Amino acid sequence: MSMDASAHCAAIVRAGNRDRYLADLFAPEAVRPHLFALHAFDVEVATVRDKVKEPMLGEIRLEWWRQALRGDHGGQPVAGALAETIARFHLPIGAFDNLLQARIFDLYDDPMPTVGDLEGYAGDTASAIIQLGAIILAGGQEPGSGEAAGLAGVALAVTGILANLPASAARGQCYLPADKLAVVGAAPADLRSEPTTEGVRTVFADLAALARERLAPARQAMDSLDRAILPAFLPAAVVEPMLNRMAKPAYDPLRDGVDLSPLRRQWITWTAARRGRF
């Protein structure tokens with residue numbers, strides 16, 4: 001991989017997913033460019049909705065990525081770097097197909113149907129990226145991290161969805177499962193109500209609990225794995241601190257949002273890397 005392509009990918013990750021960028025810095029220098037390629041791709045496809053005026057154009061862009069990763073990338077630097085990474089580390093192309101299919105949901109305003117669908121979405125996106133990163137860190141071998149990646153990805157994705165709920169709701173998106181909303185007598189339209197309804201607060205709390213429930217066994221599963229793959233999991237180190245902030249009584253899920261300062265995130269990532277546990 002050329003230095004220019006690697007630097008280009010690194011810049012995208014640094015701007016678009018700071019946690020991922022910091023985590024990649026803890027990887028061996030030799031594989032770092034390949035992690036940057038994977039994670040630059042993730043940033044690019046996660047932000048497609050922000051770059052198009054209508055959903056169909058987004059679907060066309062996602063389909064372009066599907067073809068690009070099979071070699072038809074026309075010299076686009078991220079696609080070219082990732083195609084090289086896929087070939088070198090024998091990454092399963094099906095995982096990328098599933099991720100791109102899952103990202104179609106982001107383009108539309110349809111509500112997430114069920115909790116199962118939400119976990120499936122997280123599995124095809126965040127969990128897949130963790131697992132693919134682990135394979136790269138393991139030199140292209142299967143590191144036995146599927147269970148840990150699956151659980152950590154759900155915890156990470158659900159926490160991110162909850163933290164960004166004010167922004168996604170303002171765009172008309174509903175990542176809160178419709179089945180959970182229905183149980184408490186709420187509906188996707190409640191995400192645009194003011195003040196925040198008790199139904200939305202209840203579902204929000206239930207999903208926060210789900211993220212915690214997935215994080216604990218993810219950590220346990222990681223305990224038996226080679227620490228060489230830890231950088232793939234390090235972004236999940238921010239899950240618990242973010243959930244703790246969202247658990248404060250005065251927190252309003254649709255008004256406040258939550259984020260950690262860059263310095264705080266850096267400290268959390270460094271601490272997790274030093275102790276060998278996210």
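The values are calculated or read from the model by the stated rules, or taken from the named source; none is laboratory data. Only a predicted model underlies this, so the values are computations on that prediction, with no experimental measurement involved. In this analysis, Cβ positions are derived from the backbone assuming ideal geometry, glycine residues included, and neighbour counts consider all displayed protein chains. Note: accessible area is taken over every heavy atom of the protein model, side chains too, but ligands, DNA and RNA are not part of it. Shrake-Rupley method; radii C 1.70, N 1.55, O 1.52, S 1.80 Å.
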Item to check | Those residues of region 111-150 which are in contact with a Cys (Cβ under 7 Å, 6 or more places away or on another chain) and more than 30 Å from ALA187 (Cα to Cα), in sequence order | outcome: none
Checklist entry - Just wondering, is there one or more residues in region 28-48 that are touching a helix residue (DSSP H, G or I) at 6+ places or on another chain (Cβ under 7 Å), open to solvent by 80 Å² or more (accessible area, probe 1.4 Å) and either charged (D, E, K, R) or under 26 Å from LEU156 (Cβ atoms) (or both)? => result no
Next on the checklist: If I filter region 29-40 for residues that are over 19 Å from ALA232 (Cα atoms) and in contact with an Asp or Glu (Cβ under 9 Å, 6 or more places away or on another chain), do I get at least one hit?
Outcome noted: no
Checklist entry - Among all residue pairs at least 6 apart or on different chains, which show Cβ distances below 8 Å where the first residue, located in region 256-278, is closer than 17 Å to GLY16 by Cα and the second is surrounded by 15 or more Cβ atoms within 10 Å (Cβ to Cβ) and among the charged types (D, E, K, R)? => result PRO262/ARG18; ARG265/ARG18; ARG265/ASP19; THR269/ASP19
Checklist entry - Any idea which of PHE96, PHE36, PHE26 is over 29 Å from GLU213 (Cα atoms) and either among the hydrophobic types (A, V, I, L, M, F, W, C) or touching a strand residue (DSSP E or B) at 6+ places or on another chain (Cβ under 8 Å) (or both)? => result PHE36
Next on the checklist: Looking at (1) over 17 Å from the mean Cα position of the chain (by Cα); (2) at negative phi; (3) open to solvent by less than 80 Å² (accessible area, probe 1.4 Å), which one does ASP24 not meet, given that it meets all the others?
Outcome noted: (1)
Checklist entry - Looking only at residues in region 232-278 that are over 26 Å from ALA128 (Cβ atoms) and among the hydrophobic types (A, V, I, L, M, F, W, C), which one is least open to solvent (accessible area, probe 1.4 Å)? => result LEU254
Checklist entry - in a helix (DSSP H, G or I) and either surrounded by 23 or more Cβ atoms within 10 Å (Cβ to Cβ) or touching a Phe, Trp or Tyr at 6+ places or on another chain (Cβ under 7 Å) (or both), is that true of ALA167? => result no
Next on the checklist: For region 63-74, which positions are surrounded by 18 or more Cβ atoms within 10 Å (Cβ to Cβ) and within 23 Å of ALA157 (Cα to Cα)?
Outcome noted: TRP65
Item to check | Within region 252-269, considering residues that are in a helix (DSSP H, G or I) and β-branched (Val, Ile, Thr), the one farthest from the chain's Cα centre (by Cα) | outcome: ILE268
